[in-house]
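The values are calculated or read from the model by the stated rules, or taken from the named source; none is laboratory data. Computed from a predicted structure; not experimentally measured. Counting neighbours? That spans all protein chains shown, and the Cβs are built from the backbone with ideal geometry, glycine included. In case anyone asks, the SASA skips ligands and DNA or RNA and just uses the protein heavy atoms, side chains included. Shrake-Rupley method; radii C 1.70, N 1.55, O 1.52, S 1.80 Å.
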Amino acid sequence: MYYDVILSGFGGQGVLLMGDILAQAAMLENRQVTWMPSYGVEMRGGAASCTVVISSKKIGSPLAEEPCGLIAMSKPSLLKFQDKIKSGGLLIVNTSFVEPEMITREDLKKICLPASEISYREVGDYKMANAVLLGAFVSFSRVVTLRRVEEALDVFFREEKQKLLPLMLKALQRGSRYVLEMDGGS
Amino acid sequence: MNRIEIRDESCKGCQYCLIFCPRELLQIDKSRINVLGYNPARFVDNPEKPCLGCALCAEICPDALIEVYRKKKGAVKANVRTPNT
Amino acid sequence: MSERQILKGCVALAEGAIAAGYRFYFGYPITPQNDIPEYLSARLPQVGGVFIQAESEVASINMLLGAAAAGARAMTSSSGPGISLMQEGLSYMAGSELPGLVVNITRIGPGLGGIAASQGDYRQATRGGGHGDYHLIVLAPNSVQEMYDLTIKAFYLADKYRNPAMILADAILGQMKEPIFLNPPPLVLPEKPWALTGARGKKAQLIKSLYLADGEMEQHNWHLYEKYRRLEREEVLVETDLQEKMDVLLVSFGSCSRMVQSALDLARSRGIRVGFLRPISLYPFPQQAVREVSREVGKVLVVEMNTGQMWDDVRLSLYPGCRARLLARPGGGIPAPGQILAEIENLVKAGDGIDESVHQA
Amino acid sequence: MALTKVFTRPDSLRDINFHFCPGCHHGTAHRLICEAIDYYGIRERTIGIPGVGCGVFLYNYFDLDVCEAPHGRAPAVATGFKRVLPQNIIFTYQGDGDLGSIGMSEVIHTANRGENITVFFINNSVYGMTGGQMAPTTLLGQRTTTTPYGRDFRTEGYPIRMAEMLAPLEGVAFAARVSLHTPTQVKKARKAVLRALDIQIKNMGFSFVEFLCACPTNWGLSPRQCIEKIDGEMLQSFPLGTYKNRQDS
């Protein structure tokens, strides 16, 4: 088993955290995993991305030349990474910030969901868009189970952050349901 | 009688002790060159104006070569005093 | 055995240091190693340690010198330009035979350069860096687990040989997160009768590197020489992954070796017989291992994120008649597994007599 | 009546000839520091850190643990020692090139941290060991091997006053300038040395003693002329005094 995914967006959208949670879930499933942030000169704002590699074997490169999947939460990140995705790979786009017309690849599985709107309307906080997308990602790719992701959240939402946990769970499940309903429809 | 002892084999003849002896009891011994190659200082007491045991020579000697002996009974070491005296 | 937990490379390194009994940090901020001081400024007070943000790298290394001379396990961390400023102190520490650990999370150089991953400080690290006839013990991790394990090892070697040690890593290893086991070995701090703690009930001792008497300095340098030869005999660390009848041997260290590992998997999946040799101790360099393995395979591909620094060491170690080619990225770029694979395929096709040329990945 | 020895070499000062030139005051400073160490009975927990310069051979003379430091870095080395060994007494011994020039940053920041160490500063207004070049403390008009026409403030700036400069820093508990050119001044200097170490023993913070000293060799003067030079020009540029003396709490 091998899967590499780039999670990308603006700084502050929580893409690094989303990658962290995914890596934690993979570890709980006894996988090998690496999490690698893009490091740039800029410390805050601007583009943010990370690469998560999940494998049943020892991982060499923590970077992805041809990722199996891309989650793009912003226009620049879609433009930067969409050409890299492996043919037949997965592209998930937050259409609250990115027009679907910007997707130029025809050879991909695509999920276009307005994650920020869903987050705002159905979870009550637009900042949970990252969890919506992560829920959609794991349910579609099945690199880890949703159950593991829910377990992984415990590590990140402790003490004063614990109050965010129910929101995160709700957002994850909402993202997951979006995929299941989409599957059902197709 | 107060007196001083100079370890003259280590003396470099800087003459500081001569300059500050209030009784002018120190002189440079021109008759001799020590192992370091200097004319060392020499203590020559003067019965008319004897050594005061003031230790100014020892205080100024940059090579710490002078020991001072005083008649005073139970005296503390002149160079080891309490911080506030 | 502890549970696996996901840690960032810099944090794993800091935890390794603490597991090694280290309690004194002196350092000055520089990107991309700031995760280390930031983490330790919070962590050290929890374990009764001391954290000082020094006024400069020059001060940091000398604080390290003092703490080491006092017998403590002490560490500083920095990057390229800061490490350059520390060379004076490192030379003094080597000359005075003081242990201590310097972490270099490298930048790209020369000059202010850039902050992306690079292996351009290999030569400075392994040749001494400062003035005089000395070496640092240099260990190069390639995973978060090794950031932890080798830090502990580096403290141990520094004490054993009374010589400063260096961890040479880069932004990839510093920033990357991986699951690791925190399994500290039992902490046995060595006796340091030479350390200065005050001449209580013993003769006054001296730590110095100045030797002016006739022949004294030469004798001292021969003494250091013997120490370095012993290191070369006894402390070489190397990882190999070899096959029968290899077409090509890959040699790489640090973060770059991770890309090479991926390339190795790709090559083998295509039926190419490829071996892999990774120096873990850059000094002492695994000369013997390179010589022995290269005897089995005539073609060697060195992959580095510089213009060929370890390449020199590899070529000095090759079995006579072997040739080593270099695949390089010196400017913050990372050789991609696909590019490495392409170069491996070129070498396989090249017949017997390859040239020792430099190729850009 | 039996005679009593009232003045002798301190025990911490080894019975070895100083390598210093005739009339050099390094020896006097050495003696005063050793006397104070003996007075407080701290020889066995004191660690000396000489900088680079004529003072580097301190370890030949002081019968206590000594660690060499790179040029100017003694306060940083001392910081390392003090943080590892807070119960020990740590002092540095630095010249004007070492402390006032290359090591200015280390001494200021060590002082500002209130590092509980003592810095002894030998100010003889010239680089001694390297052969008489200009020091940051060289007097205006003073000829050195690198100011052959005399120090000119328009090109070389002014002599730097370390005691006055360090005293205002919050971390500094004691800063004084003393001179070693007359017996009376030596006695005053002894008090300053005692107080500086007292401050450290009481954990009150950074203590600093600047000694005005002669360098007959590089000044090109006889020891006798050196006394006059200190008494005249040098005291004008470098006024003696205690610039800070934090009271015991």
Ballpark to the nearest 100 Å², how much total accessible area do C and A bury together, probe 1.4 Å?
1800
Burial order of peptide ranges A:8-19, D:24-35, C:203-214 (average beta-carbon count within 10 Å, highest first)
D:24-35, A:8-19, C:203-214
With bins of 10 Å, the percent of all Cα-Cα pairs of chain C per bin from 0 is 5, 25, 32, 23, 11, 3, 0, 0
For the protein assembly as shown, give the share of DSSP beta bridges that are antiparallel, in percent and rounded to the nearest 5; count only bridges with both residues there.
35
Protection proxy ranking, peptides C:182-192, C:82-92, C:334-344, average beta carbon neighbours within 10 Å, highest first:
C:82-92, C:334-344, C:182-192
Rounded to the nearest 500, what is the 222 nm mean residue ellipticity of chain D from helices alone, with -39500 (n - 2.57) per DSSP H run of 4+ residues and division by all residues?
-8500 deg cm²/dmol
Hey, can you find the accessible area per residue of chain A for me, probe 1.4 Å, expressed in square angstrom?
46
For n ≥ 4 DSSP H runs only, could you compute -39500 (n - 2.57) per run for chain A, divide by its residues and tell me the 222 nm figure to the nearest 500?
-11500 deg cm²/dmol
Accessible area of the protein assembly as shown belonging to carbon and sulfur atoms, whole % at 1.4 Å probe
51
To the nearest Å, what is the center-to-center distance of the stretch A:71-130 and the stretch D:148-179, using C-alpha atoms only?
65
Going from the alpha-carbon gyration tensor of the stretch D:52-157, what semi-axes, largest first and in whole Å, does one get by taking the root of 5 times each eigenvalue?
29, 16, 9
Please express the Cα-Cα pair-distance distribution P(r) of the stretch D:26-245 as a list of whole percents, one per 5 Å bin, running from 0 to the bin with the greatest distance.
1, 8, 16, 21, 22, 16, 10, 4, 2, 0
Please name which of D:PRO239, D:GLN87, D:LEU166 has its Cα lying farthest along the dipole of the stretch D:26-245 towards the positive end, using unit charges on Cβ (Lys, Arg +1; Asp, Glu -1) and the Cα centre as origin.
D:PRO239
Quick one: what does P(r) look like for chain A with 10 Å bins over all Cα pairs, in whole %?
10, 40, 39, 10, 0
Shielding by partners, peptide B:49-62 (average Cβ within 10 angstrom, other chains):
5
Members of C:LYS203/D:LYS244; C:LYS177/D:LYS82; D:LYS5/D:LYS82; A:LYS57/A:LYS84; B:LYS12/D:LYS229 lying beyond 29 Å, as alpha-carbon distances in this model show
C:LYS203/D:LYS244; C:LYS177/D:LYS82; D:LYS5/D:LYS82
Need one number: the % of Cα-Cα pairs in the protein assembly as shown sitting beyond the 48 Å mark.
38
Karplus-derived HN-Hα couplings along the stretch C:306-311 (A = 6.51, B = -1.76, C = 1.60, θ = phi - 60°), whole Hz, x at Gly and Pro:
6, 9, x, 9, 5, 3
The farthest towards the positive end of the charge dipole of the protein assembly as shown, of the residues C:PRO186, C:GLY198, A:ALA115, given +1 on Cβ of Lys and Arg and -1 on Cβ of Asp and Glu, is C:GLY198
Taking only Cα atoms of the stretch C:238-360, the Rg to Rh ratio with Kirkwood Rh works out at 0.91
I'd like the mean, over residues of D:7-19, of how many other protein chain beta carbons sit within 10 Å of each residue's own Cβ.
5
Gap separating the Cα centres of the stretch C:263-277 and the stretch D:47-109, nearest whole Å
56
Result for interface chain D to chain C, accessible surface buried in total, 1.4 Å probe, Å² to 100, stands at 2600
Applied in sequence order to the stretch D:200-211, the curve 6.51 cos²θ - 1.76 cosθ + 1.60 (Karplus, θ = phi - 60°) yields integer Hz couplings, x standing for Gly and Pro, of 5, 4, 8, 6, 8, x, 6, 10, 9, 10, 9, 9
Let me spell out the model: positive unit charges on the Cβ of Lys and Arg, negative unit charges on the Cβ of Asp and Glu, origin at the Cα centre of the stretch D:26-245. What dipole size does that give, in debye rounded to 20?
340
By per-residue mean of other Cβ atoms within 10 Å, what is the highest-first order of A:99-110, D:154-165, D:44-55?
D:44-55, D:154-165, A:99-110
Assuming 0.692 mPa s and 37 °C, estimate D for the stretch C:26-143 with Stokes-Einstein, Rh taken as the Kirkwood radius over Cα pairs, in µm²/s.
226
The stretch D:26-245 - share of DSSP beta bridges that are antiparallel (%, nearest 5):
20
Here FRET efficiency (C-beta to C-beta, C:GLU296 to A:SER87, R₀ 35 Å, nearest 0.05) is 0.35
